[in-house]
1. Run the numbers on the range 313-440 and let me know its relative contact order in percent, using alpha-carbon pairs under 8 Å that are six or more apart.
2. Heavy atoms only, 1.4 Å probe, whole protein assembly: order Y77, Y445 by accessible area, highest first.
3. Heavy atoms of the protein only, probe of 1.4 Å, neighbouring chains included. What is the accessible area of E132 in Å², nearest 10?
4. Which of rounded, prolate or oblate describes the range 21-137 when judged by the alpha-carbon gyration tensor and an a/c cut-off of 1.5?
5. Testing the spin-label approximation: label points 7 Å from Cα along Cα→Cβ at L52 and S339. State their distance in nm.
6. Pull out a ≥ b ≥ c, the square roots of the eigenvalues of the alpha-carbon gyration tensor of the range 141-229, then state rounded if a/c is under 1.5, prolate if not and a/b is larger than b/c, and oblate in the remaining case.
7. What is the list of residues in the range 231-258 whose amide nitrogen lies under 18 Å from a point 7 angstrom out from the Cα of V141, following Cα to Cβ?
8. Any of K156/K208; K136/K255; K287/K444 with alpha carbons more than 31 Å apart? Name them for me.
Amino acid sequence: MWFLTITNPKSEPIQIKLTPGKMSIGRNVTSDIVVNDVAASRRHAEIYFDPLTEIIKIDDLKSSNGTFVNRQKISGYYRLQNGDVIRIGQTVMHLTKITNQAADQMGISGTRLFTRELVLEAVDEHPIQLYEITEKLNTVVNIDSAITLVTDLTKKAMGVDICEIVLARDFNRINMEGADNLKVRTIRNSSVEASPLALCVPVISNEKPLALIYVEKNRPGAAPFDERDMQLAVAISHQTALTMVRIGLLEKIRKEGQVKQLLLRFVSPIEAEVLLEDYLKTGNLPKLAEKKVTVLFVEIADAAAFAERLGPEKYTAVLNTFNQYAMQAVFKKSGIVKSLGDGMLAFFMETKKDEPGPEERAVSVAREIIEFVKKAAPPEPNREFIVGVAINTGKALTGYVGTQERSEFTVMGNLIKMTYRMQEQALPNRIFIGASTEEAIHNKYLVQKSGSMTMMGSAQPIQVYEVSLAKISPFVQMENDMSAAFKAIAEKLKARGN
């Protein structure tokens, strides 16, 4: 007996027994073999079957888009052989001769090694179905949608009643009873496991199991799985693996983007790239740990009354302009920012880059902020825009707290409380620093003592210093004066020599 198994991406596979004589093929509903394909002509082709000689021929009836046998376009009569593949548009027909019906009804069973050669053969044998499946899978962007789509496409392409996809994370939930034996062997051996009415195929990428696909026929009279069914299941598995890898990469990129956007709220773009690189290696942002840090706190003086006088809209504009400038100044000096409404905390630590120390960078930022405020157009007539800046250096707990999706950089400890207290006294438009900061920058800037402060819990008063806004420190001025003096002496000596 000779059969044509007809597959089309839009319908389940069907099997037709060839009858002696002529059978018409076409889009016309009166055809013996109706092909619902836009590429098919109404009268597309004819098949002739002589049961005595068992000769089967196909004749293309000058169709618009042609008839293909084994990927070759035919013209006129073509004699068919067992296993030949006929294609009309996207409809594929496999010619099969069944000589032992009892054996055929047993279907396939046993184990196939999941090799590269098996995948290539499967993809090569099912290009039409695989193209349609690939086109649809390329539209999904998450695993759940991919599983749903693969399940639906597999049911239609293979004509199965059950399709189950088990992800690798759920392998330990598989039972050892009944059909699950196929799944267990598939997992253990990374092989294709088959019984007449059930198939189990691994989904593998770079020799790593990602999932498995289990299909089953349970309706009465269902034809058992054959070799081509197994190949199609392998082809679908291969495309599923590619889809899962693609989705995994998209998810990784999405998470990287989220983390980068999170980091850009606190650090400069360059520092964000460094932190992101560490995150990609470890999977975590830096946790709280005690480190030496220089803290800068700046706040608008009498902000509540200021906002009430200006009104919400105008005050918001002033605040946004100030924060934008202050943040950019911090970022230029490799600092980290934490916005506090009417104020801003900035943190400076040692960096790998060849640049000044954190204390000097913090003071530089503070001077920029004060200069900006003093030069800015007054938001109110006859009223100055006033801020105060305090800087402190010491040990504190620093790092990110929260979840991976929503984290905040923070610094905790008495160092912060001390800096807040100092800032309250740094008015109008002054820069106060602590002793540790002063020790690091006194050779760079004009610094003078500005009294002492007491802190709750501290027995000793804390010395506070003020940084002058003079553009050049006395040490730099002395160096310039000496340079000028040496130059004048050299010119006099040169003149005497002439």
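The values are calculated or read from the model by the stated rules, or taken from the named source; none is laboratory data. From a predicted model like this one, the values you see are computed outputs, not experimental measurements. Neighbour counts are summed over all protein chains in view; Cβ atoms, including those assigned to glycine, are modelled from backbone coordinates with ideal geometry. Only protein heavy atoms, including side chains, enter the accessible area calculation; ligands, DNA and RNA are left aside. Shrake-Rupley method; radii C 1.70, N 1.55, O 1.52, S 1.80 Å.
1. Value for the range 313-440: 21 percent.
2. Y77, Y445
3. In the full protein context, E132 sits at about 20 Å².
4. In terms of gyration-tensor shape, oblate.
5. 9.2
6. oblate
7. 243-258
8. K287/K444
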